[in-house]
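For reference, the structure discussed in these notes is given below.
The values are calculated or read from the model by the stated rules, or taken from the named source; none is laboratory data. Please read all numbers here as calculations on a predicted model, not as lab measurements. Here the Cβ positions follow ideal geometry from the backbone for every residue, glycine too, while neighbour counts run over all protein chains shown.
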Amino acid sequence: MKNRFAIVCICLLVIGFGINEVKAAQKEKTKKVIYNAAGEVQSYYTYQYNDFGKDKKLHFTPSDKLMSYFTYDYDTEGKRLKKTEFDASDKAVGYTTYEYDNKGVRTEKAFTATANCARSMFMNTMQLARGRKGTSMHLKRFLTLM
């Protein structure tokens, strides 16, 4: 009987250490690479984690230049309340807020753009329009929306 008890205690101890290792590993950075159809790297993301999940998500070009990043805010129960997007110069582009019902189920997700967001969208559209035929119609349509 003592041997079984000792074995159970050792197993629980080992499992407990395994869970702590997983939590520690989640707090480290991880990387997600985005490829095009030809298998070339288009961009990549790195993720930093806290006890609730993502703490920061950074978006880079293939040449390691920061393009944008996101920060995350959580409540004391670990539900995400807000995701804020910043451009490479640390200016807020916009944010997404989340609302939950009394059971903890997400009921709403809303994006709000800042003035920097409209400027950023305009600059990205201008870059896409360079050297492409047939984009002037889309660019004119975009400019009328601003």
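Observations, loosely collected:
- Of residues in the range 50-74 being assigned to a strand (DSSP E or B) and hydroxyl-bearing (Ser, Thr, Tyr), the one farthest from Ser89 (Cα to Cα): Tyr74
- Residue match in the range 59-68 (condition: among the basic types (Lys, Arg) and at pLDDT 95 or above): yes
- Looking only at the range 42-86, and only at residues there that are among the polar types (S, T, N, Q) and touching a Pro at 6+ places or on another chain (Cβ under 9 Å), the one that is nearest to Tyr98 (Cα to Cα): Ser43
- Of the residues making up the range 37-61, those that are surrounded by 13 or more Cβ atoms within 10 Å (Cβ to Cβ) and under 15 Å from Asp73 (Cα atoms) are Tyr47, Gln48, Tyr49, Asn50, Phe52, Gly53, Lys54, Asp55, Lys56, Lys57.
- Among the residues examined, Lys109 does not qualify as at pLDDT 90 or above, out of contact with any strand residue (DSSP E or B) (no Cβ under 9 Å at 6 or more places or on another chain) and among the basic types (Lys, Arg).
- Selected residue (criterion: surrounded by the fewest Cβ atoms within 10 Å (Cβ to Cβ)) from residues of the range 91-105 that are in contact with a Phe, Trp or Tyr (Cβ under 9 Å, 6 or more places away or on another chain) and either touching a residue at least 24 places away in the same chain (Cβ under 8 Å) or acidic (Asp, Glu) (or both): Ala92
- Residue check for Val33: touching a helix residue (DSSP H, G or I) at 6+ places or on another chain (Cβ under 7 Å), modelled with pLDDT of 80 or more and not in a loop (DSSP other than H, G, I, E, B): no
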